[in-house]
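Below is one structure, written out as structure tokens; the observations come after it.
We did not get these values from a lab; they are worked out from the coordinates using the rules stated. Predicted model, so just to flag it, every value in this text is computed and none were measured. A quick note on method: Cβ atoms are made from the backbone with ideal geometry, for glycine too, and the neighbour counts reach across all protein chains shown.
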């Protein structure tokens, strides 16, 4: 789960496992696998960092596997 903030300033917790897409329109819009959309204050990069951190915390995602460094 990650905590994000609605445009009205209200924080809420979102299950990151259901995130299908993160876009900027220019506001950051998170689309879940069920089609529901949330517009949040955090920039796209910040949401992505929270998702990656969450994946690491539940040991689903490891940066050591399958990601090659760019030269």
| request: Against the globular-protein guess of 2.2 N^0.38 Å, express the Cα radius of gyration of the range 1-56 as a ratio, rounded to two decimals. | output: 1.00
| field | Taking 36, 49, 41 and counting other C-beta atoms within 10 Å, the order from fewest to most | value | 36, 49, 41
